[in-house]
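Engineer: To start, I am sharing the structure in question, which I have written as structure tokens.
Only the coordinates and a few stated rules stand behind these numbers; no lab work does. Computed from a prediction, not measured in an experiment: that's the story for all the values here. Cβ sites come from the backbone with ideal geometry, for glycine too, and all protein chains shown count toward neighbours.
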Amino acid sequence: MIYKKIQDIILQEDFRGMKHLSEFMCENYVSNASDLLLKSEGEILIVTGFYILKAKSPETDGPPGAIAISNALNKIGLKTSLVTDEYSYQVLKALAGDLEVIKFPITSHRESALFSENLLNSRNIGVILSIERAGLLNDGTYRNWRGEDFSEYNAKIDHLFDQHPYTIGIGDGGNEIGMGNLKKVIPTIKNLPKDPCVTTTKELIIASCSNWGGYGLVADMSIKTGMNLLPTVDEAYQWVKKSVEHGAVEGMSGESKDWVDGRSPKEDSVCISDLIELVETNL
């Protein structure tokens, strides 16, 4: 099965233990997510931006995957917009080109719910997708993989997902929007958080790196549409490089360098290279 090969590719080199969640997922979770997007009858909102507390900057994981998904959807005629908060806005804006980037305010739950309601009422939204976006924990905070609270730097975009029936989450650590689908299981896995995100989504993609999950989603859409919608290895790298030029950091170290989740550019390219080969073989 092609979807199984895609899922194996995006879960390779897994150092957090995400692959152990696979047995609790539906067997074709990437395919289900791509079906939801391809059937969308409205605009698709793509949410990303994860704040790295020790660097006081957003990370390189998330925005490249968001752009890859957005570009793929645009190529098949679907409208997209990006959503983030003030701390990731400049990075996302730099990558977005002419694409609209909506700045979600960092404010109270009440005001966040109202902003979400107004945004959804003003547009015909078909699907909302999150890729590497921190989600609320059971205690009402936002925390990184190490358990550090960075709530004051994170907009409560979860309210968008609470107010729409067709949603997708992509995550690689247990604390991202969508991981609420597995909130009872995540604490049982070594190296995953004991207090995971509680925000759920209709579909969930798990990966070793969230960008990789986004690329896997694009690969599945490519095969279904008969078009190679994936970026090249260099295009994906240039998104990472440009994000660093506009303030993003490597998420594990907090350093300003063109790595993603502890992986050098060469190591990071393995996933997309494998996906390109798979897609080209199956078109």
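Engineer: Choose one answer from GLY247, GLY17, GLY97: the residue with the largest mean-square fluctuation in a GNM of the chain with alpha-carbon springs under 10 Å.
Structural biologist: GLY97
Engineer: Right, another one. Given springs between every Cα pair under 10 Å in a Gaussian network model of the chain, which of LEU114, LEU11, LEU182 has the largest fluctuation?
Structural biologist: Comparing LEU114, LEU11, LEU182 in a Gaussian network model of the chain, the most mobile one is LEU114.
Engineer: Here's something else I'd like to know. Among DSSP beta bridges whose residues both lie in the chain, state the antiparallel percentage, nearest 5.
Structural biologist: Antiparallel bridges make up about 20 percent of those DSSP assigns within the chain.
Engineer: Relative contact order, percent, of the chain when contacts are C-alpha pairs under 8 Å separated by at least 6 residues?
Structural biologist: It comes to 25 percent, rounded to a whole number.
Engineer: Quick one: which of 121-131, 35-45 comes out on top by average Cβ neighbours within 10 Å, and what's the full order, highest first?
Structural biologist: Top to bottom by mean Cβ count within 10 Å: 121-131, 35-45.
Engineer: Once you list every other residue whose beta carbon is under 14 Å from the beta carbon of MET1, what net charge do they have if Lys and Arg are +1 and Asp and Glu are -1?
Structural biologist: 0
Engineer: Mean-square fluctuation check for the chain, GNM, Cα pairs under 10 Å: which of THR80, THR200, THR232 is largest?
Structural biologist: Largest GNM mean-square fluctuation: THR232.
Engineer: Using amide H atoms built 1.01 Å from N in the peptide plane, name the residues 5+ places from SER57, or on other chains, whose amide H lies under 5 Å from its own.
Structural biologist: ILE52
Engineer: Using amide H atoms built in the peptide plane, which far-off residues or other-chain residues are under 5 Å from LEU204 H to H?
Structural biologist: For LEU204, the qualifying residues are GLY169.
Engineer: Let me ask something else about it. Under the Karplus relation 6.51 cos²θ - 1.76 cosθ + 1.60, θ = phi - 60°, what is the ordered set of whole-Hz ³J(HN,Hα) values for segment 240-248, x standing for Gly and Pro?
Structural biologist: Each residue of segment 240-248 in turn: 5, 4, 5, 5, 5, 4, 10, x, 6 Hz.
Engineer: What does the charge count near VAL91 come to, summing +1 for each Lys or Arg and -1 for each Asp or Glu among other residues with Cβ under 15 Å from its Cβ?
Structural biologist: Once positives and negatives cancel, what remains is -1.
Engineer: Run the numbers for GLN12 and LYS103: contour at 0.36 nm per residue of separation, minus the present Cα-Cα distance, in nm.
Structural biologist: 29.4 nm
Engineer: Let me ask something else about it. Pairs to check: LYS5/LYS257; LYS93/LYS184; LYS5/LYS56; LYS183/LYS241; LYS5/LYS202; LYS39/LYS257. Give those whose C-alpha atoms are more than 27 Å from each other in this structure.
Structural biologist: Table pairs above 27 Å Cα-Cα are LYS5/LYS257; LYS93/LYS184; LYS5/LYS56; LYS183/LYS241; LYS39/LYS257.
Engineer: Can you tally the net charge around GLU132? Count Lys and Arg as +1, Asp and Glu as -1, for every other residue whose Cβ sits under 12 Å from the Cβ of GLU132.
Structural biologist: In short, -4.
Engineer: While we're on this one: Which distance in Å, rounded to a whole number, links the C-alpha centroids of segment 231-245 and segment 1-30?
Structural biologist: 24 Å
Engineer: Here's another thing I want to ask about it. Please arrange TYR215, TYR142, TYR3 by how many other C-beta atoms lie within 10 Å of their C-beta, fewest to most.
Structural biologist: Listing TYR215, TYR142, TYR3 from fewest to most nearby Cβ atoms yields TYR3, TYR142, TYR215.
Engineer: Place the peptides 271-278, 163-170 in order of packing, highest mean first, counting for every residue the other Cβ atoms within 10 Å and averaging per peptide.
Structural biologist: Result, highest mean first: 163-170, 271-278.
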